[in-house]
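Each remark here refers to the structure printed beneath this line.
The values are calculated or read from the model by the stated rules, or taken from the named source; none is laboratory data. This structure is a prediction, so every number in the text was calculated from the model and none was measured. Don't worry about glycine lacking a Cβ; one is built from the backbone with ideal geometry, like all the others, and counts go over all protein chains shown.
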Amino acid sequence: PEEVLQVSLNPDASNVPYTLGRLFSVLEAIQAAANPGINATIKDKYFSSAAATPAVIFPVLINLAQKHLKKLRGSNAGLVVFYEKQLTELCSHIGKQYPVHMNLPQQGSFQLGYYCQTQARYQKKEEAKDV
């Protein structure tokens with residue numbers, strides 16, 4: 001879809017695979033915040049499966065994220081609120097259920113959503129350094 005084929009993050013995109021890719025990036029960021037320096041991330045373990053069979057993988061990842069958020073709550077409550085807002089917003093764009101399977105073009109949209117969301121996170125860090 002055209003809304004996915006942009007140079008930068010499209011926060012208004014309604015494309016579910018793209019949104020799932022964005023959600024995966026946020027879940028990865030939550031894990032990294034809760035477990036700095038972790039050896040094997042959710043990307044290492046679940047990226048391909050999340051792109052192909054989201055209905056199977058995302059419930060596992062959301063449950064895992066809740067454990068990570070609980071761990072963060074004691075040390076950085078503000079960050080927990082930030083991530084919970086992102087999760088709520090992205091999940092509200094998915095609909096009633098996760099897609100059972102995604103074909104290759106949908107997996108491509110997932111990948112674009114993931115990398116655009118990840119790049120936006122890096123840009124914010126770079127902008128903060130410049131200030």
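In region 1-25, the residues that are surrounded by 12 or more Cβ atoms within 10 Å (Cβ to Cβ) and at pLDDT below 95 form Cβ pairs under 8 Å with partners that are part of a helix (DSSP H, G or I) and of a type in the set (Lys, Arg), at six or more places apart or across chains, as follows: Leu9/Arg22.
For region 29-37, the condition of being in contact (Cβ under 8 Å) with a residue 40 or more places away in the chain, surrounded by 13 or more Cβ atoms within 10 Å (Cβ to Cβ) and not in a helix (DSSP H, G or I) holds for none of the residues. If you check Ala120, Ala65 for being of a type outside the set (Val, Ile, Thr), over 17 Å from Leu9 (Cα atoms) and part of a helix (DSSP H, G or I), only one passes: Ala65.
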